[in-house]
Amino acid sequence: MATADMSLKSLVPGTCVIITDIMTSVRKLCEVTESGNTYIDLSDDPCPFPIYNVMQPVAVGNPVSWAAEATERGAGKEFVAIEARMIDASVDRMTRLRALYWCSETGTYDYDKALVAGRAATDEVAKSRQYMDSFIRRAAA
Amino acid sequence: MNMPVDRSGAVQSNREKIEQDLLAQIGKQIAKAEQQMAGGNRDLNAARVALEHATLQTALEKDMPTKSVAQMLEKASPSQVADFIKAGKRSIEKTYNIQPEMMVAALSAQVANVDLPKGFAQTEAMKELIDRGRSLANQAVTEQFGERGRFTAGPAGRAGERFDYVDVRTAQGVPTIKDQLKNHMVFVESAVDYAVKAGKMDAQQGQSLKERIEHQVFNIPAEGKMSDQFKSYHQRASQDLRSEVMRDARSVTQNKTVAEIADRLSQARQAVEKLRPAMQKEAHER
């Protein structure tokens, strides 16, 4: 039987991390909490999950670095406009981060497309959480 | 004969209204943050963390994907799943020397001895403030980059003088992005000052929280695909912006009037708290 490496990774609070979801193996974008070694992946149900080294966490910056990247590409104004519009529209926080990261990764600065991508990513995370909670409900029954 | 109009009453009433609005906003923000710190389902979150831990550990020990372990668990009976979660809790205690409920509580800043500035900083209420500040800071730096290298006349009318960092001109009366950012940081600092005066945290914790928020608003993370040259520019621009905005913001928050407003809010709330037992008794007797 292999030895399990359950060590945790420490990252900078307030930055984003891409990590493999344990229950579904999907790669998801999350936000590092103030402790530095846990993350939040849903805004409306913020449970802090540990950042296990073995789940291949990759630090990917946050809207400040993505805005800087966009500016260097000549799309800074488009990026900050999308960010401001999503904040004003009270887009769910994690969805907003995923939408903005999508802009950064694809180099496409389109509000509607970004929002669709952000919502799709959040839906996957929400499904994984529902899957996890179904086990907990069954155990409590 | 025209009598001079006494506007002092109207001005005073307008000022009181502005103060009341500001007080209400600040108080609401801190109350929201406190509620978020106290809320959350600790037992459910502890079970989630334990289930994830057990799934991962089993996958590693049996050298199989975590998703496959979860799929196997679908076929398990309710008592087997319950045992699996309990095993996860025991393993957390053994691996990290802490009970899962305490681990979740510590991670969620729900216990008294957890770093309060961290606890406040990670509430959704405070994150909203950080996000708004970041967005404004991003806009300011982006605008500045757009204006970089523009030629403009100097103060003595010298044409052709070159400035690397130029304030963007806006229409008369429209606040610049920097002004909006300054006003926002005034609000943030006032909210933290109120929390300190209301006894939610001590002065040192308040200062630590302000520094954490400021850092998150203005700091650029190390990760990023931009060139080293541009990153260096951006860091300089962000730090210059931070120095200028925070210097102006602090000159407002340290002004006696703002401190007096925060004091009065704190006194009003304490007065209500003192009256509360008598009011409750009276209500009970009716």
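The values are calculated or read from the model by the stated rules, or taken from the named source; none is laboratory data. This structure is a prediction, so every number in the text was calculated from the model and none was measured. Don't worry about glycine lacking a Cβ; one is built from the backbone with ideal geometry, like all the others, and counts go over all protein chains shown. Calculation scope for accessible area: heavy atoms of the full protein, side chains included, ligands and nucleic acids excluded. Shrake-Rupley method; radii C 1.70, N 1.55, O 1.52, S 1.80 Å.
What the table below lists for this structure:
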item	result
For the stretch A:1-130, radius of gyration divided by Kirkwood radius, i.e. Rg to Rh on alpha-carbons	0.99
Nearest-ten-degree value, helix A:93-106 long axis tilted from longest Cα axis of chain A	60
Using alpha-carbon coordinates, inclination of helix A:63-73 to the longest axis of chain A, degrees	40
Area buried, chain A against chain B - accessible surface, total, 1.4 angstrom probe, square angstrom	5400
Acute angle (nearest 10 degrees) that the helix A:76-88 long axis makes with the longest principal axis of chain A, alpha-carbon atoms	60
Phi-based couplings in Hz for the stretch B:129-146 (Karplus 6.51, -1.76, 1.60; Gly and Pro marked x)	5, 5, 4, 5, x, 4, 4, 5, 5, 4, 5, 5, 5, 5, 4, 4, 4, x
Cα→Cβ-extended label distance, 7 Å offset, between B:GLU124 and B:GLU93, nm	3.3
Per-residue mean of C-beta atoms belonging to partner chains within 10 Å, peptide A:20-26	6
Carbon and sulfur %, accessible surface of chain A computed with the full protein complex present, 1.4 Å	51
B:MET64 versus B:THR176: modelled label distance in nm, points set 7 Å from Cα along the beta carbon direction	6.4
